[in-house]
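J.: Pasting a structure here, questions to come.
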């Protein structure tokens, strides 16, 4: 396999899935994340996508935490409250721990959103919002290791987060409060000071 295929495949599927930001499901999820506390979850490589969404939302001032589905099934789901939003990332739509976490959060009264490339019956039965990007061919030579699907999921969660940021109207000053240290915090403080 030519290593450039990783890039070429990502570009192909990013272009194919980019229209998802115009879907009602995507827009409805962005609205919910603008006004509700949220938790994100995912297993394996998809957990990295879920963590990225949560930390980006926190950076723009929204209350969000990542909850590992393994921990969720051993008591952690108790952190989720009625009317919170649980955003689950699962490419296959069949990850047992994620599906069980969704079911438990649904019982609590959370709004369930799933970002996925496959919609199984359990997702249909339990999700309030499904952000569906369809089947993706992975760049892995065996077609197994999550590669392209993770890139597409990451683009989706970043698009969600920045849709939320636009909705809440985050200023440089507010950004500098949430992201106080480091280079980005310094830049935000300087821009806030210079107006």
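J.: Ignoring solvent entirely, what values of log10 I(q)/I(0) come out of the Debye formula for the stretch 115-195 at 0.12, 0.16 Å⁻¹ when each Cα is a single scatterer?
T.: Scattering profile of the stretch 115-195, log10 relative to I(0): -0.59, -0.78.
J.: Just want the ordering: 154, 1, 43, from fewest to most Cβ atoms lying within 10 Å of their own Cβ.
T.: Ascending Cβ contact count within 10 Å gives the list 1, 154, 43.
J.: I would also like to ask the following. Could you calculate the contour length gain from residue 186 to residue 55, that is, 0.36 nm times the residue separation minus the distance between their Cα atoms, to one decimal place in nm?
T.: Stretched fully, the residue 186-residue 55 segment lengthens by 45.3 nm.
J.: Continuing with this model, one more query. Residue separation times 0.36 nm, minus the C-alpha to C-alpha distance between residue 125 and residue 1: what's the value?
T.: Difference between extended and current length: 40.7 nm.
J.: Can you tell me how the stretch 49-120 classifies by the Cα gyration tensor, rounded, prolate or oblate, using a/c under 1.5 as the rounded cut?
T.: oblate
J.: At 0.36 nm per residue, and after removing the present C-alpha to C-alpha distance, how many nm does the segment from residue 154 to residue 193 gain when stretched out fully?
T.: Taking 0.36 nm per residue and subtracting the Cα distance, the gain is 10.8 nm.
J.: Determine the relative contact order of the stretch 1-90: mean sequence separation of Cα pairs under 8 Å and six or more apart, normalised by residue count, in whole percent.
T.: 32 percent
J.: Right, next: Rounded to the nearest whole Å³, what is the per residue volume of the convex hull around the Cα atoms of the stretch 1-99?
T.: Spread over its residues, the Cα hull of the stretch 1-99 gives 129 Å³ apiece.
J.: Extending each Cα 7 Å along its Cβ direction at residue 172 and residue 37, get the distance between those two points in nm, one decimal.
T.: Inter-label distance under the simple model: 3.3 nm.
J.: What residues from the stretch 150-186 fall in the zone where the backbone N is under 18 Å from a label point 7 Å along the Cα-to-C-beta line of residue 108?
T.: none
J.: Over the chain, calculate the relative contact order: mean separation of alpha carbon pairs under 8 Å at least 6 apart, over the residue count, as a percent.
T.: 24 percent
J.: While we're here: I'd like the per residue volume of the convex hull spanned by the Cα atoms of the chain, given in cubic angstrom.
T.: 130 Å³
Every read-out reported here was derived from the displayed coordinates using simple, explicitly stated rules and does not represent laboratory data. This structure is a prediction, so every number in the text was calculated from the model and none was measured. Virtual Cβ from ideal backbone geometry, glycine too; neighbours counted across all protein chains shown.
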